[in-house]
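Step one of this worksheet: look at the structure below.
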Amino acid sequence: MREPLGAIGLTLVAVVVLSAIFAGVLTSYAPSKISPTERFASPSLLHVLGTDHLGRDLFTRVLYGGRVALMIALGSTLVSLIVGVVLGLIAGYGPRWLDNILLLVFDAVKSFPTVMLALTLVTLFGPSLYAVVVVVMLVNVPGYARIIRTQTLVLKSAEHVMAARSMGASAGRILRVHILPNIIGPILILVSMDIPVVVAIEAGMSFLGLGVRPPTPSWGAILNDGFANIRDSYWIVIAGGLPIVLTTLGFTFFGETLRDLFDPRLKGR
Amino acid sequence: MTVLAVKNLSVAFHTESGRLEALKDVSFKVPANRSVGVVGESGCGKSTLINAILGLLADNGEISAGEIVFEGDKDLTRLDAAAMRNLRGQRIATVFQDPMGALNPVLSVGRQMRDIQYRSGLSKRDKDARSVAMLRKVRIPDPESRLAQFPHEFSGGMKQRIAIAMALMMEPALLIADEPTTALDATLEVATIELLKDLQREIGCSVLFISHHLGVIAELCDEMIVMYAGEVVESGTTREIFHDARHPYTQKLLACDPARLSRRVPRLPTIAGTLPDLRRRPSGCVFQPRCDRADAQCLDVPPGASIGGSHIARCWHADIPLGVSA
Amino acid sequence: MSSQDLLSVRDLHVSFRVGGLPARLAGRATEIEAVSGVSFDLQRGTTFALVGESGSGKTTLARTLNGLQPVKAGTILFEGQELQGLSDARMKPVRRRMPMMFQDPVGSLSPRLSVRSLLSEPFIIHGLSSRDLNAEVTRLLALVGLPRDFADRYPHQLSGGQARRVGVARAIALDPVLVVADEPTAGLDVSVQGEVLNLLNDLRDRMGLSMLIITHNLHVVRQIADRMAVMYLGRFVEQGETEAIFRTPHHPYTAALLSANPEPDPDKVHERITLPADVPSLLARPTGCEFHTRCQQAQARCSVDAPAPATVGDTRLTCHFPLNI
């Protein structure tokens, strides 16, 4: 690979993904196993990153936390992508009144600040993994849908689409064969660059206690534990913070490289 | 006096699939106060020629040989970027097929015409007066009030006329017109050609007019060159070439023009074969693979056969006039 | 309509809404009539050409025939069936019989599809995917004179002429009766233009096709069309046999168009009729005869009275003072 940042990004992403997948092989501890005699242990051969205030092995919790973070990031991004693409295509290709209604909804949703939105949802439904997914969707879908809608509007009057209509192609076929393949590239790159944002949202909500519930491991929750017990051990903060930093950096470098490869004109901007 | 002299110009592009010779040994002159037409089909190197003259070749392109002498003393292939920028728009002006390339959609026409005169040292009022005079010359009705309007408020024909007005504003020595009438309707096309003719005479500039349309060249130009696959295959006065074309490609190109047919024919003439791959030029004459006069001799590079006067055809068989089959 | 007629259009009107709510509130014109009172017949096995400058409504007319634009008033009779107001579902079998070719040879081909997919598409759309599509693609490529291995190319790998051939192949895939071609030679080199026109003429003779050609190029019209109509601001100002109109144009606009051709002969003496001013806007149609603002024959009456359609020989025209009578 010619891009050094891309190589770093790819390596980081690979490390995070592989360690999340093989968490069970890489550690012999259970992520929620409490061991009161081993509280606030410093790193050692037994506990690579030490232990937390309940004596749980931090390395294990980081690995399983990565699993949760990635599952939420990839899952909720995928759902956002699908919903965004479908709504965007409908808004762009459908009747004008439907477009107007959808645009109004997108703008209304988008105008909520993320934190307020998260707080509202958690107040209504209580903190959970699903709250995180819903917040991510509400944050991402309007953006994706708007981009897809604009591109669809442009292509709607393109000659190759007119030609397909003149042949009698159905709206579904036109969207699937003649429009979507021509507009999906840029949005996939955007999505890959959004994954670190979603990782941060999950970590942030869990840090605030609005996301993943204990004892399920989450980087944000580990970070919170670390802050609560900063006087007893600073290892917990490092164990929670470092993976967040490395993962977001890795995905960002990776996404930017992907974008440059896809559209060389943007290079260096 | 010669305004532009292109001498033995060769331009090559370095592509992923090898070196591509887009222009090969191109020579021609544009005399003062004359219009020279460049005619050729897609892939003949017209755009590369313009870009080479303007110093705007793409990064992977290079002038591998020859020179471009402007106004007798400046070799454009050796000028630095700053000197080229000073020439463009002032001494060498351009008009393209799409007038919106020259017009900024968010600025009023008056503002844009004023901006071109940034070197004139005139007051705003004087600049506007010159703009109005120029718009009147290109037959924009009611020019005073239209200065405040934006490009989208003009029709396609008017936009092209405004682009012409802007190009000629600084009274350049050379106007390069790249298919300026191709996107216009027939009635507007002839009107624009006549306008260009009048303006050229009035301002006293030279015109290098690039077109695939033989009729347009015939109407506007005094002299012309015919390009094929990056080479000049024939050059001479417009009259010589239209009445006594000697290169087989020129003859075929003229025959293909449906405007020459005054009645319906069962089969329209075409040129069989396709343009050669410029990465692997055919040996000898570049047109030989498609030429029905080709023989063993044509595998050697043909000389520029002089037909008389300035008329030159680069062909081994340039002694056969149009209408005589081989 | 006689039994010979494949397509019969009567008093067709097509309009567009322009401007949004603000324009409507301001009481400005909100509708432009792009096609206004057009009538013509197209006989089986013949070619009809629509000629006019940009904005004359010729492309809109073609798209309306195909159902891509709604009809405001008038009738379109195709093979005995009225097309105006048909739903997309009801239009589908009609579109199979009356395919359309669009202006941009490359741009009218879906950029991410191979030539094989592009040529298979008509069969898939019309539920004929059980046919041997590879064989059909090979057959179509042969019909338009392209090598078989072109099936694996993508539109951006084709020259303008090759892309146009693919467009023609797609149009004739399902044995149509009428091909509607919008500027079939636009953007092509002269040497390639002839090839495409020869191909269209060949296919018409071999397949017994009828064609409706839209073009601004009068030379093309002369080489391909049996009958022609000249459009100005959405109306037919003159229609009749191509040769008759070329020999003796009666409408001053037709005469101006015919004389507006740049001649490939520097010594030819021009008796050119130069049209003053630009085409009027459809939002502000001139009164009386709509051509009077640019017509050199115009008299006082022309700016007041709209001329009624008249017939001279086989030619129909709308003009108070026709030429060459």
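The values are calculated or read from the model by the stated rules, or taken from the named source; none is laboratory data. Quantities reported herein were computed from a predicted structural model and do not represent experimental measurements. Virtual Cβ from ideal backbone geometry, glycine too; neighbours counted across all protein chains shown. Ligands, DNA and RNA are excluded from the accessible area calculation, which covers all protein heavy atoms including side chains. Shrake-Rupley method; radii C 1.70, N 1.55, O 1.52, S 1.80 Å.
The figures follow:
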read-out: Long-range Cα-Cα pairs in region A:4-266 (distance over 35 Å), rounded percent; value: 28
read-out: Values of log10 I(q)/I(0), in the order q = 0.12, 0.13, 0.20 Å⁻¹, for region B:239-324 under a Debye, Cα-only, solvent-free model; value: -0.40, -0.47, -1.00
read-out: Helix A:235-262 vs. chain A, principal-axis angle (Cα, 0 to 90°, nearest 10); value: 20
read-out: Above-threshold pairs, the threshold being 28 Å between Cα atoms, out of A:Lys156/C:Lys58; B:Lys24/B:Lys74; B:Lys74/B:Lys137; C:Lys58/C:Lys92; B:Lys124/B:Lys197; B:Lys159/B:Lys252; value: B:Lys74/B:Lys137; B:Lys124/B:Lys197; B:Lys159/B:Lys252
read-out: Region B:101-171 - accessible surface per residue (Å², probe 1.4 Å); value: 48
read-out: The protein assembly as shown: projected area of the alpha-carbon convex hull, averaged over directions, in nm²; value: 48.7
read-out: 13 Å beta-carbon shell around A:Pro196, net charge (K/R +1, D/E -1); value: -3
read-out: Reach of C:Lys268 by Cα under 12 Å, taken over aspartates and glutamates that are not fewer than 8 positions away in the same chain; value: B:Glu219
read-out: √(5λ) per eigenvalue of the Cα gyration tensor, chain B, largest first, Å; value: 37, 23, 17
read-out: Carbon and sulfur %, accessible surface of the protein assembly as shown computed with the full protein complex present, 1.4 Å; value: 57
read-out: Over chain C: Kirkwood hydrodynamic radius from C-alpha pairwise inverse distances, Å; value: 21.2
read-out: Summed side-chain charge close to B:Asp198 - residues other than B:Asp198 whose Cβ falls under 11 Å, Lys, Arg +1, Asp, Glu -1; value: +2
read-out: Rounded FRET efficiency, nearest 0.05, which uses the C-beta distance separating B:Asn33 from B:Leu56 and R0 of 30 Å; value: 0.70
read-out: Antiparallel %, DSSP beta bridges [both residues in the protein assembly as shown], to 5; value: 65
read-out: Cut-off 13 Å between beta-carbons: net charge of the residues surrounding B:Met227, Lys and Arg +1, Asp and Glu -1; value: -2
read-out: Of the DSSP H helices in chain B, those whose Cα atoms cover at least 15 Å axially and whose Kyte score averages -0.5 or more; value: B:156-168, B:186-203
read-out: Percentage relative contact order, region B:1-110, counting C-alpha pairs under 8 Å, at least six apart; value: 29
read-out: Accessible surface, region A:4-266, averaged per residue in Å² (probe 1.4 Å); value: 47
read-out: Per-residue average of Cβ from other chains inside 10 Å of C:94-104; value: 3
read-out: Over region B:1-121: Rg over Rh, Cα atoms, Kirkwood Rh; value: 1.00
read-out: Using alpha-carbon coordinates, inclination of helix C:160-171 to the longest axis of chain C, degrees; value: 80
read-out: Percent RCO, i.e. relative contact order, over chain C, from Cα pairs under 8 Å lying at least 6 residues apart; value: 19
read-out: Crossing angle, helix C:115-125 versus chain C [Cα axis fit, 0-90 degrees, rounded to tens]; value: 80
read-out: Compactness of region A:122-269 as Cα Rg over 2.2 N^0.38 Å, two decimals; value: 1.43
read-out: Rg ratio (alpha-carbon, reference 2.2 N^0.38 Å) - region B:101-171; value: 0.97
